[in-house]
Amino acid sequence: MISDTIALSGRSLKKWIRNPFSIIPIAIQALVWLLLFGNSFNPGSALSSSGGSLGILKEAFGGATNYITFLTPGIIGMLALTGMTFLGVDFVIDRLNGYLDMLKTSPIPRASIYFGGVLQNIVKAMAAAGITFVVALVVPNGLRLSSGFGITNLLGVFFAVAMLTTVFSTLFTGISVAAKSTDSFFAVVNFLFFPVAFTSTALFPLSFFPGWLKPVARANPISLASEAARLVIVNGTLSAAQLSSYLGDILGLLVYAIVFTAMGIFLARNSLKAD
Amino acid sequence: MTNSIIQVEKLTKKYGDKTAVDHITFDIGEGELFGFLGPNGAGKTTTIRMLTTITSVTEGKAMVVGYDVSKNPGEVRARIGVVPQQLIADDELTGVENVLLFAKLHHVPSEKARKRASELLELVDLQASAEKKVKTYSGGMKRRLQLAMGLVHDPSILFLDEPSLGLDIQTRAKMWDYVRKLNTENGITVFMTTHYLEEADALCERVAIVDGGTIKVLGSPAELKMRLGGDLLSVQVSEGPDLRGFLESVHDVNEVVKSSSSSYVIKIPRIEKALPQIVDGISQRGLKILDISFTRPTLDQVFLQVTGKQIRDENGPTQAIPLLMEKV
């Protein structure tokens, strides 16, 4: 099963790596989002004396010195979401052109077809996250890491990101494996996209949300990953209290991932069985 | 027949009220090259999809390589090779990568897979393009590549769904060579669907003609053609006495039709023996032969007879045949 999963995701990843149009747009998209949201939504720019930094708003923004520092994990999460909606369409195409039928005649577990999709989408989304992180570091007034930020901290940030991409990949691969047409896939994706993207703390801290929306925003997977990643970006090595908050967020993401994986396996078994 | 590799009994597939395949029964022997013929919508692809475990069986039973397709689909999948009619090889991967991917999915050890892939690519004349991306391939090359993809795990039986669909005549003939070679040299049982009747005639040991979800007739192409009454001789002679009595007396002649005052169509299993006798008899009666020709029956005519329709326009029966067909 594991070798089948790797073989199937390898097929897609090989194509993806060879195609320059799969990598370059990620960097451009990251740049546009960071510069556009990073400047237009920057609350610091309303403060006359701050020179673009968050100044007195710093505490409200989790201790980030400037807005892009706060924003970067959020943009990574938003890009993982948009990317996934497009990556998921691969499955629908495979179904339409008969490739899935060919796979159905292979002696591989049906779930490995699903996991092949999950794995390839995680790898692609992680590459996008890495590129976005680097772009955020080099843009003007960009991402400022805590002093003494080391490799462990970097792993801490990307572990949270990996959990988020796993959540999205298990969800959207499940939807795409069940979708019989591109239309039905995009109908579901469009329905999910805006609520998930904009009830998160990707762009603004939780305190900015109205009371009734706060629990939803807090439980949003983009929020969970953003909050966890921000803790590490802003503080470096975490205190015991911060670490437990970080692990709480990761646990939340893990719950999502488990639920979506179970759902994905169910959908894959159903939609890949003999019709 | 040798041991059966496929046994199908009353196999049925219904989609709602529509019956795509209706209680078909047949056996295929090991090493056989079997053709499943029929027009579009006859139930060919549905049958192949049931036998290859893609589609579920509504009623009846199908055993493939000793396993029930409904009860042990995994065992069936491990032993069959499938070449679909759609072009599914991945455009962005190279030919050899496509073959190796299917080797992996069939759990062929990697060293063996490489060896097998290069043998197969050589067999289908793609070794020179093996490292090129499939998007640079022609339609015929893609079909040949899919043949290699379907064979990489050494299946006992190969399912070919419309193997020469969309190929030009030369490429089609080449495809037939590969299939024939696989069957005779490598001993692989082949189950193929096609709507090219001459393809089935050239390749298959036995064919089943399907229409409306049922098997109309099953046998070797030679047998089926023989059932039409064999060869047809058309002869036009100078004006003179009626020759019907004489022609009917010639050994083996089945039927004589006078198509005009001096033209006859003679139905006979094999023309070779009777021809000298007919020619001599005519000249003995003082008549001259103005025109003489004969046609061998084709599967097209068998098809026309059993389904009441022509499978396609080209290569249709000659003028003389419909005349006799009505009487058959």
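Throughout, read-outs are computed from the coordinates displayed, never taken from laboratory work. Because the structure is predicted, anything quoted here is derived from the model rather than measured. Neighbour counts run over all protein chains shown; Cβ positions are idealised from the backbone, glycine included.
Which ordering of B:H195, B:H23 is given by a fewest-first count of other beta-carbon atoms within 10 Å?
Ascending number of Cβ neighbours within 10 Å: B:H23, B:H195.
Could you tally the net charge around B:T189, taking each other residue with its Cβ under 9 Å from the Cβ of B:T189, Lys/Arg +1 and Asp/Glu -1? Mind dumping the intermediate values first?
Numbers: positive: none; negative: B:E30, B:E32.
So the surrounding residues net to -2.
Using a simple spin-label model with points 7 Å from Cα along the Cα→Cβ vector, what separation in nm is obtained for B:R114 and A:F198?
Once both label points are built, they end up 5.5 nm from each other.
Report relative contact order for chain B in percent, whole number only (criteria: Cα-Cα under 8 Å, sequence separation at least 6).
Contact order relative to length: 18 percent.
Sticking with the crude label model, points 7 Å out along Cα→Cβ, report the distance from B:A128 to A:A274 in nm, one decimal please.
Distance between the two pseudo-spin positions: 4.4 nm.
How many percent of all Cα-Cα pairs in the stretch A:2-271 sit more than 33 Å apart?
Looking at the stretch A:2-271, the distances longer than 33 Å represent 22 percent of pairs.
In debye, nearest 20, what is the charge dipole magnitude of chain B about its Cα centre with +1 on Lys and Arg Cβ and -1 on Asp and Glu Cβ, if you could check?
480 debye
For peptide B:76-85, how many partner chain Cβ atoms fall within 10 Å of a residue's Cβ, on average?
Numbers: counts 2, 5, 2, 1, 3, 1, 5, 1, 6, 1.
Mean inter-chain Cβ contacts per residue within 10 Å come to 3.
Can you compute the modelled spin-label distance between B:S220 and B:E9, with each label point 7 Å from Cα toward Cβ, in nm?
2.8 nm
Just to confirm my numbers, what's the Cα centroid distance between the stretch B:51-99 and the stretch A:199-268 in Å?
Cα centres, the stretch B:51-99 to the stretch A:199-268: 43 Å.
Once the Cα gyration tensor of the protein assembly as shown is found, what semi-axes does its equivalent ellipsoid get, as square roots of 5 times the eigenvalues, in whole Å, sorted largest first?
After scaling each eigenvalue by five and taking roots: 70, 22, 21 Å.
Distances longer than 16 Å among the Cα atoms of the stretch A:26-125: what percent of all pairs is that? Can you show the working numbers first?
Details: 3320 of 4950 pairs.
Roughly 67 percent, rounded to a whole number.
Is any helix in chain A, taking whole DSSP H runs, at least 15 angstrom long along its axis by alpha carbon and on average at least 0.5 on the Kyte-Doolittle scale, and which ones?
Numbers: long enough: A:2-18 (24 Å, -0.11); A:20-40 (30 Å, 1.60); A:67-87 (29 Å, 1.57); A:110-138 (44 Å, 1.41); A:151-178 (39 Å, 1.79); A:182-198 (24 Å, 1.57); A:221-235 (21 Å, 1.05); A:240-272 (46 Å, 1.31).
Length and hydropathy pass: A:20-40, A:67-87, A:110-138, A:151-178, A:182-198, A:221-235, A:240-272.
Take the Cα atoms of the stretch A:156-257, find their three principal axes, and give me the spread along each one in whole Å, biggest first.
49, 29, 19
Could you compute the FRET efficiency for A:A241 and A:A27, with r as their C-beta to C-beta distance and R0 at 35 Å, rounded to 0.05?
With a Förster radius of 35 Å, E is 0.45.
Report the normalised scattering of chain B as log10 I(q)/I(0) at q = 0.07 Å⁻¹, calculated by the Debye formula with identical scatterers on the alpha carbons.
-0.37
Taking amide H positions as placed 1.01 Å from N in the peptide plane, with prolines and chain starts having none, which residues 5 or more places from B:V217, or on another chain, fall under 5 Å of its amide H?
Residues meeting the criterion, in which the H sits 1.01 Å from N, are B:I209.
At what distance in angstrom do the alpha carbon centres of the stretch A:50-83 and the stretch B:235-249 lie from each other?
103 Å
Among DSSP beta bridges lying fully in the protein assembly as shown, give the percent that are antiparallel, nearest 5.
Counting only bridges with both partners in the protein assembly as shown, antiparallel ones make up about 70 percent.
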